[in-house]
Amino acid sequence: MSELVGKIQSKSLFDSKTKQFFSTISGLFILIIIFSLNNENFLTTANLLNVAVQTTPILLIAMGQTYVLITGGIDLSIGSNIALAGVTAAIFMKAGIPIPIAMLLGLGVTAGVGVLNGVMIAYGKLPPFIVTLGTMTTVRGITLTMTQGIPISGLPEAFNNIGIAKTLGIPNPIFIMVIFAVIFGFILSKTRTGRYTYALGSNFEAARLSGVNAHMTLIKVYMFSGILAGVAGLVMAARIISAPPTAGMGYELDAVASSVIGGASTMGGEGAIFGTVVGAFIIGVLRNGLNLMGVSPFIQQIVIGVVIIAAVFFDKLRHSK
Amino acid sequence: MKKLLAMLLFGVLVISVAGCAKEAPEKEGSAGGEGENYTMTLITMDSMDEHWLKVKNGAEAAAAELGNIKVVFDAPQTKVDATVQAQLVENAIVNKSDAILLAALDKEALKPVVEKAKEAGIPVILVDSGVSTENYDAFLSTDNAAAAELAADNLAELIGKTGKIAIINAQAGAGTTMTRENAFRDRIESQYPDIEIVGVQYSDGDKQKALNYATDYMTQYPDLVGIYACNEGSTVGVGNAVDQAGKSDSIHVVGFDFSADVKGLIEKGAIKASMVQNPYVMGYEGIKAASTVVSGGQVSVKDIDTGVTVATKDNLADIK
């Protein structure tokens, strides 16, 4: 009997996941169709590549946020980490350190911030909202102090290439985005760390008691978010050949929006990288398409706000059925 | 026990912070020479924009020259709302600052505290952005409308007075940048009938957003000939967009403000001209004016236009 219940539940779970998959991706296609009918410049290779480049930082940080949301947490320090990675790498580059090493140092620092978040949340038992709110402000302050408030400019040409050069006709940031999406999609869906991440968000105590190394998993998850924010920060700095200490302000909220549009739940236990990819592209396409249609920037904010709420609302409806 | 420990730790923290804060004035006291020493509080809109750091540098240079002035830089860390800034003015009143230099975030919201400071006998020097009261001692600012008109004339010249242009502004609703947008529009509409402004976007001063908006404008209007950007972040973003699209020759960018990034893009030819304010002069002359007022004098002209310099490839070396 209980086996039967289990079977039914797992079947309906599968169905809801499939439905979610189709509803988010069809949302994206509807947008694309609407915009291509409205503007002849939208569905051009140049513009689509442009949309992908514009979406790259959002998607990178949204993947980190998805991991965190699945554990039932939130990472508000993402925006500050974006600036920290760019500024750190830029300072080392200016000091003559080879570019790849400078970039790794930048990522190392933001990974460190992530680990610190994770340790305080896992071992300190502090609420993620508060911990990351604290690191958000602290890291922003550190970044401003490091730069005395002035953007670090005059970075090497080769670094700029990472942000704007093309390989086989495709801008480099897109490759970076795809590589990281594959890696983090794989970790979440195919590895033990991924399964533990879901287990923590579904029922933290139960997961811990059944042998999941809860603390270590939490630390890893926040570290992932730190690293991905760092990658986004490097790509952004490379695009403008400048590392402003003010970069990425408020971007953590774009990350939350992409994740929840893609089906992640702020209550934990739910979310997937594929959904987040679609979520991030919905936001990216929406911004680009509305720009091309010449929609007032004030109206755009209203539209995006409505889309976020509508996406979560329909998700909730589906769940209650 | 745990609670006690926590309170103890907190106590230590408070004492050490207070200790740090105390250190500065003591040093100042021993260094002060003959005559009276004055403490002047400089309150800008935030403490990270290069613009405000230049105001601060100018103020400090004037203070160093005068010798008997200590400048306390008390700005919110990031862009905040006017109530936070009003609290900073109140703090300066409570701390009996000898003069207050203020770049007001909101001309209405800061009016009561400015009047309160004046009632307390503290001279108020406004820099950059004003307050809607007559109760101040001096106001040093860029005439943004005049500067925007100059920008319009420059861009019109560059594009041969005809074609489509777009505007990338910073914050919708911020007085200074809205003046730059509106005065520019009025000038174009009244003087250059063959120029069409296709639209405006607001980047919040975020270089990435400005880059994205400018790219989208170039996609939407392949025949675009010019872009006008209203602040440093927007100018850098737009310059990069045009540079990356390889359209430096066909799209002329005229921006606002100056930084190492703006300079680099002007050198590259991606930005043709930028209206450079003189924030250093605002801070410098602001302290000089405050010094005159605290020693019983009066400023000859109350409202002073600190002007703009048009930075182009030709005069880059002279801009600081």
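The values are calculated or read from the model by the stated rules, or taken from the named source; none is laboratory data. Only a predicted model underlies this, so the values are computations on that prediction, with no experimental measurement involved. Here the Cβ positions follow ideal geometry from the backbone for every residue, glycine too, while neighbour counts run over all protein chains shown. Protein only, heavy atoms only, side chains kept; ligands, DNA and RNA dropped before computing areas. Shrake-Rupley method; radii C 1.70, N 1.55, O 1.52, S 1.80 Å.
Some observations on this one:
- Options B:201, B:191: the member that is more than 18 Å from residue A:286 (Cβ to Cβ) and either more than 9 Å from chain A (Cβ to nearest Cβ) or without any contact (Cβ under 8 Å) to a residue 60 or more places away in the chain (or both): B:191
- The residues of region B:111-132 that are closer than 14 Å to residue B:41 by Cβ and under 22 Å from the mean Cα position of the chain (by Cα), listed by number, are B:113, B:114, B:123, B:124, B:125, B:126, B:127.
- Number of positions in region A:111-154 that are within 10 Å of chain B (Cβ to nearest Cβ) and open to solvent by less than 40 Å² (accessible area, probe 1.4 Å): 9
- Helices (runs of 4 or more DSSP H) contained entirely in region B:48-131, each with at least 2 residues that are touching a residue at least 60 places away in the same chain (Cβ under 8 Å): B:50-66
- Looking across region B:221-241, the residues that are more than 9 Å from chain A (Cβ to nearest Cβ), open to solvent by less than 10 Å² (accessible area, probe 1.4 Å) and among the aliphatic types (A, V, I, L, M) come down to B:224, B:227, B:229, B:238, B:241.
- Criterion applied to A:218, A:228, A:290, A:200 was being outside any loop (DSSP other than H, G, I, E, B) and within 14 Å of another protein chain (Cβ to nearest Cβ), and the one residue passing it is A:290.
- Here residue B:244 clears all of (1) within 23 Å of residue B:185 (Cβ to Cβ); (2) open to solvent by 30 Å² or more (accessible area, probe 1.4 Å); (3) at the interface with chain A (Cβ under 10 Å from one of its Cβ atoms) except the condition numbered (1).
- When region B:204-220 is filtered for residues that are more than 25 Å from the chain's Cα centre (by Cα) and at the interface with chain A (Cβ under 9 Å from one of its Cβ atoms), the ones remaining, listed by number, are B:215, B:216, B:217, B:219, B:220.
- Residue within region B:170-181 that is open to solvent by less than 20 Å² (accessible area, probe 1.4 Å), within 11 Å of another protein chain (Cβ to nearest Cβ) and among the charged types (D, E, K, R) present: no
- In summary, residue B:55 fulfils each of the numbered conditions (1) within 14 Å of chain A (Cβ to nearest Cβ); (2) at pLDDT below 90 with the single exception of condition (2).
One line per residue, one yes/no per condition, for (1) within 15 Å of the chain's Cα centre (by Cα); (2) without any contact (Cβ under 8 Å) to a residue 12 or more places away in the chain; (3) open to solvent by 30 Å² or more (accessible area, probe 1.4 Å):
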position: A:225; (1), (2), (3): yes, no, no
position: A:228; (1), (2), (3): yes, no, no
position: A:244; (1), (2), (3): no, no, no
position: A:255; (1), (2), (3): yes, no, no
position: A:267; (1), (2), (3): no, no, yes
position: A:306; (1), (2), (3): no, yes, yes
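- Subset of region B:289-306 [in contact with a helix residue (DSSP H, G or I) (Cβ under 8 Å, 6 or more places away or on another chain) and outside any strand (DSSP E or B)]: B:291, B:298, B:299, B:306
- Of note, residue A:56 satisfies the criterion of being open to solvent by less than 10 Å² (accessible area, probe 1.4 Å), assigned to a helix (DSSP H, G or I) and either of a type outside the set (S, T, N, Q) or closer than 30 Å to residue B:246 by Cβ (or both).
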